[in-house]
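Undergrad: Pasting a structure below so you can have a look.
FYI, it's all coordinate maths here, none of it is from the lab. Note that this is a predicted model, so its numbers are computed, not measured. Please note: Cβ atoms are built from the backbone with ideal geometry, for glycine as well, and neighbour counts cover all protein chains shown.
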Amino acid sequence: MTKRIKILFTIPNFDTAGSGKVVYDLVKGLDKTLFEPHIACQHDGGAFFKEVKGLGVPIHIVNFCVPYRPFYSLAFRIRTIARFFKREQFDLIHSWHWSSDFTEALAAKWTGIPYVYTKKAMGWGNKAWHWRSQLSTQIIAVNRDMETGILASYNDKVLYMPLGVDLQRFRPLNRTRTTPLGHGFKDSDFVIVSVANLAPVKGIEVLLEAVQSLEDLRIKVLIVGDHENAYGKELKRTYSSSQIMFIEKQLDVRPFLAVADLFVIPTKDEGRKEGLPLAPLEAMASGRVVIGSDIPGIRDLLENWDDLLFPAGDVKALSDSLQAFLSLDVKTKNALATDMLQRAQNQFSLDKCIQEHQKCYQQILKTYAV
């Protein structure tokens with residue numbers, strides 16, 4: 001029997017199911033006759049950790065990156081990481097760490113193990129990203145703008161590989177008028193849903209201001225996400241009404257997508273911007289039309305639907321987009337929903353994402369063996 005490829009997936013924690021869910025899906029979906037996945041994280045806490053543990057793969061609780069200072073002992077601390085990598089005899093390391101830390105990559109280089117990292121967000125801003133990229137064997141870009149923008153200097157090692165949606169879980173949903181939490185809507189209501197981890201960069205107020213400017217009481221808005229932080233509390237205090245409702249974070253968003261006539265993602269073009277947001281992709285796979293701000297990642301999802309993109313932060317432009325969609329006839333709306341569903345299925349499926357990762361790993365190790 002051919003030796004399986006032993007891959008270590010590194011991620012700081014599983015406090016939330018964001019990137020953790022992507023790693024979970026990837027590890028779960030890998031062909032176990034070809035690959036032996038391991039996971040390294042820095043602690044065993046977090047709401048999602050129990051689900052990850054249920055995968056039955058080895059999980060290492062270890063510090064796979066270290067502070068740079070004090071510099072005089074940095075080599076010693078990096079050597080500790082390298083010893084762990086060497087002792088476990090990993091064939092390849094795939095980092096899902098969000099930060100620019102390069103000590104993990106340096107430890108991999110020290111031991112001669114190929115190192116891959118996925119660039120998940122558009123932030124750059126310091127020289128550490130340069131060092132991390134220089135030390136990497138391959139860099140996975142989740143949107144096209146990364147290739148031509150922040151990662152352009154490393155185009156010889158950049159591979160475009162978008163994230164994928166689980167099409168077994170997210171399928172076309174029949175339109176319903178009630179949620180599991182008791183919200184009820186009339187057939188004449190037009191329900192807009194947005195799902196996000198509420199932070200200022202998400203631009204939720206842009207959506208809410210746009211809706212209010214239309215002065216159309218048929219429009220109802222559901223904002224699904226943790227609203228117990230300062231930003232969420234301020235949104236709720238300012239906008240909560242019979243027309244605009246805030247729903248706490250849900251483990252299963254499908255019942256809320258089922259009531260949606262439209263999904264809107266109004267992320268701003270600032271700060272640590274989206275890489276490739278999964279929430280609108282899940283909406284598309286559920287048979288819902290998506291309108292989004294014209295920024296990296298969202299542009300990938302809404303390619304060829306320029307009229308459904310609006311300038312980030314522009315309340316008037318979003319208001320106009322909402323009004324234009326409202327004025328479409330049912331046949332046109334349904335055709336749009338079908339086209340978006342097919343794009344999600346054909347271009348952004350989880351199965352395709354897993355297959356592309358497997359090809360990437362095999363190609364890297366084939367090249368290393370030469």
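Undergrad: In whole Å, how far is the Cα centre of the range 1-39 from that of the range 259-318?
TA: Using only Cα atoms to place each centre, the spacing works out to 29 Å.
Undergrad: Quick one: which of 152-161, 93-102 comes out on top by average Cβ neighbours within 10 Å, and what's the full order, highest first?
TA: Packing proxy ranking, top to bottom: 93-102, 152-161.
Undergrad: Please report the spacing between the Cα centers of the range 198-256 and the range 85-101 in Å, no decimals.
TA: 38 Å
Undergrad: Now a separate question. Of the cross-linked pairs Lys32/Lys119; Lys21/Lys273; Lys6/Lys268; Lys127/Lys236; Lys236/Lys316; Lys186/Lys352, which ones have a Cα-Cα span greater than 28 Å in the structure shown?
TA: As for pairs spanning more than 28 Å Cα to Cα, those are Lys6/Lys268; Lys127/Lys236; Lys186/Lys352.
Undergrad: Sticking with the crude label model, points 7 Å out along Cα→Cβ, report the distance from Leu55 to Asp320 in nm, one decimal please.
TA: Between Leu55 and Asp320, the label points sit 4.5 nm apart.
Undergrad: Find how many whole Å separate the alpha carbon centroid of the range 103-148 from the alpha carbon centroid of the range 331-345.
TA: Their Cα centres are 35 Å away from one another.
Undergrad: Rank these for me by crowding, Val289, Val57, Val27, going from fewest to most other beta carbons within 10 Å.
TA: With the sparsest Cβ surroundings first, the list reads Val57, Val27, Val289.
Undergrad: Still on this model: What translational diffusion coefficient, in µm²/s and rounded to a whole number, does the Stokes-Einstein relation yield for the range 282-370 at 37 °C and a viscosity of 0.692 mPa s, taking the hydrodynamic radius as the Kirkwood radius over Cα pairs?
TA: In µm²/s, the coefficient rounds to 217.
Undergrad: Right, next: Summing Lys, Arg as +1 and Asp, Glu as -1, what charge do residues with Cβ under 12 Å from the Cβ of Arg175 carry, Arg175 excluded?
TA: Around Arg175, the charge tally is 0.
Undergrad: Separate question: Out of the GluC sites (Glu not before Pro) in the range 269-323, which ones are loop residues according to DSSP with at most 15 other C-beta atoms within 10 Å?
TA: Filter output for the range 269-323: Glu270, Glu303.
Undergrad: Counting Lys +1, Arg +1, Asp -1, Glu -1, what net charge surrounds His43 among other residues with beta carbon under 15 Å of its beta carbon?
TA: Surrounding charge for His43 is 0.
Undergrad: Still on this structure, I have one more. With no solvent and one point on each alpha carbon, what is the Debye value of log10 I(q)/I(0) for the chain at q = 0.07, 0.08 Å⁻¹?
TA: After summing over all Cα pairs, the log10 values are -0.34, -0.44.
Undergrad: Next question. With an 8 Å Cα cut-off and a minimum separation of 6 or more residues, compute the relative contact order for the chain in percent.
TA: Computed over the chain, the figure is 15 percent.
Undergrad: So how do Tyr117, Tyr368, Tyr72 line up by other beta-carbon neighbours within 10 Å, fewest first?
TA: Least to most surrounded, the residues fall as Tyr72, Tyr368, Tyr117.
Undergrad: Right, something else. Which angle between 0 and 90 degrees, to the nearest 10, do you get for helix 74-88 versus the longest principal axis of the chain when only C-alpha atoms count?
TA: So the helix axis and the longest Cα principal axis differ by about 90 degrees.
Undergrad: While we're on this one: To the nearest 10 degrees, how steeply does helix 315-326 sit against the main Cα axis of the chain, on a 0 to 90 scale?
TA: Between the helix axis and the principal axis of the chain, the angle is about 70 degrees.
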